[in-house]
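S.K.: My questions will all concern the structure given below.
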Amino acid sequence: MLCGAKFHIGTAVKRKAPITQCLLLDIVPLFERENPLQAAVCALFLVAFYLGKSNLVVDSEVLINPKILLHSDLYFDGSFAYVTVHTSRTSQFQKRILSLPLPHVPGSLLCLMSALLNHSSINHVLSGTPLFSVWSKGHMCPVTYGHFSSFLTKVLKSVGLDSTNYLRHSLHRGSATFAFELSVLSELIKVQGN
């Protein structure tokens, strides 16, 4: 009987906090941009803020999911970086390919293009390897969920926050919150979430 009571009464859902742009401004300076792994993870954090993490990092260095962005999916022109997304949560069978512009914002700590250029110039990622990879012991190693989670925990603790209140998804939630605060249409925010 008590087991059924909990089901009917329910429990409150405690959502994890979003990582906002203001919090990113505190986090990004903590990365050593000359360190290959930290340059990759810094760029990863900024891209994950806008795109989410599902297409960006792998579960393990051995199993590379076909939906993961490759270095060949990134290209630059004078004022934008572009990433080509072949698979998303709502287009899982590569029916629609998206080319997403990531603008250059000179002088901003949160400039995606600058972070990606820095990562690319330091890590010299090979064309067919995951976008967020680093050289280690003579071969390319992709950044994994484990690296991502570990860095997220460390930087949140470094800025005095309880990391248990945040998840990897908190970056993308922060982006959606930011877009909503700027009065972006909710339909567009939902599309970004996919």
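The values are calculated or read from the model by the stated rules, or taken from the named source; none is laboratory data. Treat the numbers as computed from the prediction; the structure is a model and nothing was measured. Reconstructed Cβ throughout: ideal geometry from the backbone, glycine too, with neighbour counts over all protein chains shown. Keep in mind that these areas ignore ligands, DNA and RNA; they rest on the heavy atoms of the full protein, side chains included. Shrake-Rupley method; radii C 1.70, N 1.55, O 1.52, S 1.80 Å.
S.K.: Against the definition (in contact with a helix residue (DSSP H, G or I) (Cβ under 6 Å, 6 or more places away or on another chain) and assigned to a loop (DSSP other than H, G, I, E, B)), how does ILE27 come out, yes or no?
M.R.: So ILE27 fails the test.
S.K.: Here is a follow-up. Scan the stretch 116-156 residue by residue and report those that are among the aliphatic types (A, V, I, L, M), in a loop (DSSP other than H, G, I, E, B) and buried (at least 21 other Cβ atoms within 10 Å of the Cβ).
M.R.: Answer for the stretch 116-156, where residues must be among the aliphatic types (A, V, I, L, M), in a loop (DSSP other than H, G, I, E, B) and buried (at least 21 other Cβ atoms within 10 Å of the Cβ): VAL125, LEU131, VAL143.
S.K.: Does ARG33 satisfy the criteria of being at pLDDT 90 or above and of a type in the set (Lys, Arg)?
M.R.: For ARG33, the condition - at pLDDT 90 or above and of a type in the set (Lys, Arg) - is met.
S.K.: Mind checking whether some residue in the stretch 60-81 is small (Gly, Ala, Ser), part of a helix (DSSP H, G or I) and more than 20 Å from HIS124 (Cβ to Cβ)?
M.R.: No: the stretch 60-81 contains no residue that is small (Gly, Ala, Ser), part of a helix (DSSP H, G or I) and more than 20 Å from HIS124 (Cβ to Cβ).
S.K.: Looking only at the stretch 157-178, how many residues end up being open to solvent by 60 Å² or more (accessible area, probe 1.4 Å) and within 20 Å of PRO29 (Cβ to Cβ)? Walk me through how you get there before you give the answer.
M.R.: Just the residues of the stretch 157-178 that are open to solvent by 60 Å² or more (accessible area, probe 1.4 Å), to begin with: 157-158, 160, 162, 164, 167-169, 173, 178.
Remaining after also requiring within 20 Å of PRO29 (Cβ to Cβ): 157-158, 160, 178.
The number of residues fulfilling the criteria is 4.
S.K.: Only one of these conditions is not met by MET113: (1) under 28 Å from TYR166 (Cα atoms); (2) among the aliphatic types (A, V, I, L, M); (3) part of a loop (DSSP other than H, G, I, E, B). Which number is it?
M.R.: (3) is the only condition that MET113 fails.
S.K.: Do we find a residue being at pLDDT 85 or above, over 18 Å from the mean Cα position of the chain (by Cα), hydrophobic (A, V, I, L, M, F, W, C) and open to solvent by 70 Å² or more (accessible area, probe 1.4 Å) anywhere in the stretch 84-97?
M.R.: no
The rows are residues; the columns are (1) of a type outside the set (D, E, K, R); (2) at pLDDT 80 or above.
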{"residue": "CYS3", "(1), (2)": "yes, no"}
{"residue": "THR11", "(1), (2)": "yes, no"}
{"residue": "ILE19", "(1), (2)": "yes, yes"}
{"residue": "ASP73", "(1), (2)": "no, yes"}
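S.K.: Then there's this: Output the number of residues of the stretch 30-54 satisfying the condition of being open to solvent by less than 20 Å² (accessible area, probe 1.4 Å) and not in a helix (DSSP H, G or I).
M.R.: Residues that pass the stated criteria total 2.
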